[in-house]
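Please read the structure below before turning to the comments.
The values are calculated or read from the model by the stated rules, or taken from the named source; none is laboratory data. Because the structure is a prediction, the values reported are computed rather than measured. A quick note on method: Cβ atoms are made from the backbone with ideal geometry, for glycine too, and the neighbour counts reach across all protein chains shown. When the accessible area is computed, the model is the full protein with side chains, heavy atoms only, and any ligands, DNA or RNA have been set aside. Shrake-Rupley method; radii C 1.70, N 1.55, O 1.52, S 1.80 Å.
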Amino acid sequence: MALQLVIGNKNYSSWSMRPWVLMRQLGIDFQERKLRFDFAEGSDFRREVAAVSPAGLVPVLLDEGFAVWDTLAIAEYLAERFPQAGVWPADAKQRARARSLCAEMHGGFGALRQHCAMNIEAALPDVGQRLWAEQPALQRDVARLESMWAEALDASGGPFLFGEFGAADAFYAPVCTRIVSYALPVSDATRAYVRRVLAAPGVAAWIADALAEADYIADEEPYRSAR
């Protein structure tokens, strides 16, 4: 029985994007089960997610009925289930560093998350310009991203953070879409890395699906009233 990944809308769900693009990029076979976001009490989304995960959130990885939720836990499960896939770097120190970067993404960058919600289909350069001027915390988040990425790329030689595409790149793929959607001012080196991530086959496949989704959800759209 194939693995099944339960996800939300591809245009909006940054958490769902991470394990999906990781599995797709690394050639790990899985079935997708996409649920339309609807967080109203008693909605089909809440009911169906609650049936597979006590956390009540996406993504959820199902392996013959066994549920793994939380993106970090999913990445670790995949690394153990498919040890040759390349989820983490082979070198122990680089593996620890990649996990550190993923954990920082998992628990940090609050201003970026709050002000620049993932919206792959949208082009919001004016919003990005205003946010950049008004939100020093957003500038600090982006500065940290640029420093972190530059250090990893310099150490590995690229093209991705630890050489080959792995969990760290998958965890930051939604950030790459945010940089584009909001036209955030970043260095040429950062823009080049963003282009490489977005062109990776697994990421490009997610983006294509997001663009084709044609589903406007008002609760996920703080900056516009229609798609």
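For segment 82-188, what mean projected area does the convex hull of the alpha carbons give, in nm²? Don't jump to the answer; show the numbers that get you there.
On the way: hull surface 28.5 nm².
Hull-based average projected area comes out at 7.1 nm².
From the Cα gyration tensor of the chain, with a ≥ b ≥ c the square roots of its eigenvalues, which class applies: rounded if a/c is under 1.5, or else prolate if a/b is larger than b/c, or else oblate? Intermediate results must be reported in sequence, preceding the final value.
Values: a/c = 1.76, a/b = 1.05, b/c = 1.68.
Oblate.
Among SER156, SER16, SER181, the largest mean-square fluctuation in a Gaussian network model of the chain, built with springs joining Cα atoms closer than 10 Å, belongs to SER156. Rounded to the nearest 10 Å², what accessible area does ILE74 have for a 1.4 Å probe in the complete protein model? Accessible area, nearest 10 Å²: 0 Å².
Amide H contacts of GLY163 (H built 1.01 Å from N, in plane; Pro and chain starts excluded): GLY158 sit under 5 Å, all sequence-distant by 5 or more or on other chains.
Evaluate the relative contact order of segment 48-172 (contact order divided by residue number), counting alpha-carbon pairs under 8 angstrom at least 6 apart; express in whole percent. Working shown, then result.
Working: 96 pairs, mean separation 24.7, N = 125.
After rounding, I find 20 percent.
Tell me the net charge near GLU32. Cut-off is 12 Å between Cβ atoms, GLU32 excluded, with +1 for each Lys or Arg and -1 for each Asp or Glu. Around GLU32, the charge tally is +2. In percent, what relative contact order does the chain have, based on Cα pairs under 8 Å that are 6 or more apart in sequence? Averaging sequence separation for qualifying contacts and normalising by length gives 25 percent for the chain. Dipole check for the chain: with +1 at the C-beta of Lys and Arg, -1 at the C-beta of Asp and Glu, and the Cα centre as origin, the magnitude is about 340 Debye.
When the Cα positions of PHE45, CYS176, GLY157 are compared along the charge dipole of the chain, GLY157 comes out farthest toward the positive end, with charges on each C-beta of Lys, Arg, Asp and Glu.
The listed residues LYS10, LYS93, LYS34, once ranked by accessible area (1.4 Å probe) with the largest placed first, stand as LYS93, LYS34, LYS10.
Segment 180-224 and segment 87-107 have Cα centres lying 23 Å from one another. When the Cα gyration tensor is reduced to axis lengths a ≥ b ≥ c, the ratio a/c is 1.5 or higher for segment 136-227, and with a/b not above b/c it is classed as oblate.
Give me the 1.4 Å probe accessible area per residue for the chain, excluding ligands and nucleic acids, in Å².
On the way: 10440 Å² over 227 residues.
That works out to 46 Å² for each residue.
Net charge near PHE165: determine it from the other residues with C-beta under 12 Å of the C-beta of PHE165, scoring Lys and Arg +1 and Asp and Glu -1. So the surrounding residues net to 0.
What is the percent carbon and sulfur in the accessible area of the chain, measuring with a 1.4 Å probe over the protein chains and ignoring ligands?
Values: 5340 of 10440 Å².
Accessible surface attributable to carbon and sulfur in the chain totals 51 percent.
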